[in-house]
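Single-structure report; data block below.
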Amino acid sequence: MKLKKLLFVFCFLICANAFSQILSSSVEKKTIALGEVNHIVITINNLNNEKVSAARENELLPFHFEEIKDSIAQTQDVYYRRIEFAVFDEGKFTIPELEFKVNGKVLKTIPYEIDVINTAQKTDQINDIMNNKEVKLEATDYWELYKFYILAAIAVICLIIAIIMFIKYGRKPKDSPVVATNQTLKELESLKKKKYVESGNYRSFYVELIDISRKFIAKQYRVPADVLLTDDLIDVMKKNNTISQENEKIVEEVFLRGDLVKFAKTFPDQATMEKDFADIRDFVKRSSKDLEFENLRKDA
């Protein structure tokens, strides 16, 4: 009787094992080098069309284990999962029990301890993975590489040239002979556009012509022409060696005629007014020669 019971229990266990799921796992290497690829394989048999629930791809292994490839395959009876991984820190690391659920039943793998070692030595020679490849560069390649530096250098050079030109030529004093000459010529041109000569307005013509001339003489020759009477101004100009005799004669004639016109002692015609205007304009243009001659005389 006891023998029959033992035989019954034995048969029951055999049938139970025959129809229950069996999980197995294995790790390729327990000791690996830094960054070396290792494998863990999990297999579940006797599924009988049951679905296996587990962590998603690339999320099964814990921290420190860098999953490279996670392959999952399942048939009616077998669940197969192969994970390639590497570890990039030196030391001992544990792959804990990994859980898989089959029809509400939890199956677990055994834990594995992985020893990660640094196989490199200080005396080891480090070689390139690939030999250096020589690449021939064209002119356009060099331009693309260095165009920003070239453009920046050109910009700096242009800026330096612009500063030098400005310092040398652009900063003319406002009271320089050239500036005074140009300004006076513009004032004379404005006087001409008023057409005093054509309309016979000789008094206004001479008043403005002499006023422009006085301001010019004061600025160009440093003579107080704007405050001196005509006779005193003529006397000062004759004593001043800066103004040439030709220019002195023109100023004297025009200024004296202008005084007579102001006091209605003479009535010049159009030709005389045009000549006086032209003589004053030529005097203004020639003034720079007077100053050049004076500078040469002082240097000597």
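In this structure the amide hydrogen of L107, modeled in the peptide plane, comes within under 5 Å of the amide hydrogens of F100, K101, V102, none closer than 5 places in sequence on its chain. Per-residue 3J(HN,Hα) values for the stretch 77-83, derived from phi via the Karplus relation 6.51 cos²θ - 1.76 cosθ + 1.60 with θ = phi - 60°, read 10, 10, 10, 10, 9, 10, 10 Hz in sequence order (x marks Gly and Pro). In this structure the amide hydrogen of V78, modeled in the peptide plane, comes within under 5 Å of the amide hydrogens of L47, none closer than 5 places in sequence on its chain. Taking label positions 7 Å along the Cα-Cβ direction at both F166 and K136, the computed distance is 4.8 nm, reported to one decimal.
Within 10 Å of each candidate Cβ there may be at most 14 other Cβ atoms; applying that plus a DSSP loop requirement, which trypsin sites (Lys or Arg not before Pro) in the stretch 24-102 survive?
Details: sites: K29, K30, K51, R56, K69, R81, R82, K92, K101; in loops: K29, K30, K51, R56.
In loop regions of the stretch 24-102 (DSSP not H, G, I, E or B), the sparsely surrounded trypsin sites (Lys or Arg not before Pro) are K29, K30, K51, R56.
Listed by chain and number, the aspartates and glutamates whose C-alpha is less than 13 Å from the C-alpha of K262, apart from same-chain residues fewer than 8 away, are E208, D211.
The mean accessible area for residues of the stretch 238-284, using a 1.4 Å probe and ignoring ligands and nucleic acids, is 57 Å² per residue.
Structure shown: which of K194/K289; K194/K285; K265/K289; K195/K265 lie over 27 Å apart, alpha-carbon to alpha-carbon? Don't jump to the answer; show the numbers that get you there.
Values: K194/K289 30 Å; K194/K285 21 Å; K265/K289 35 Å; K195/K265 22 Å.
Over 27 Å Cα-Cα: K194/K289; K265/K289.
Within the straight-line cut-off of under 16 Å between alpha carbons, the aspartates and glutamates reachable from K239 are D231, E248, E252, D290, E294, sequence neighbours fewer than 8 places apart in one chain being disregarded.
The values are calculated or read from the model by the stated rules, or taken from the named source; none is laboratory data. As the structure is a prediction and not an experimental result, all values here were calculated from the model. Note that each Cβ is placed from the backbone with ideal geometry, even for glycine, and that neighbours are counted across all protein chains shown. Accessible surface areas use protein heavy atoms only, side chains included; no ligands, DNA or RNA. Shrake-Rupley method; radii C 1.70, N 1.55, O 1.52, S 1.80 Å.
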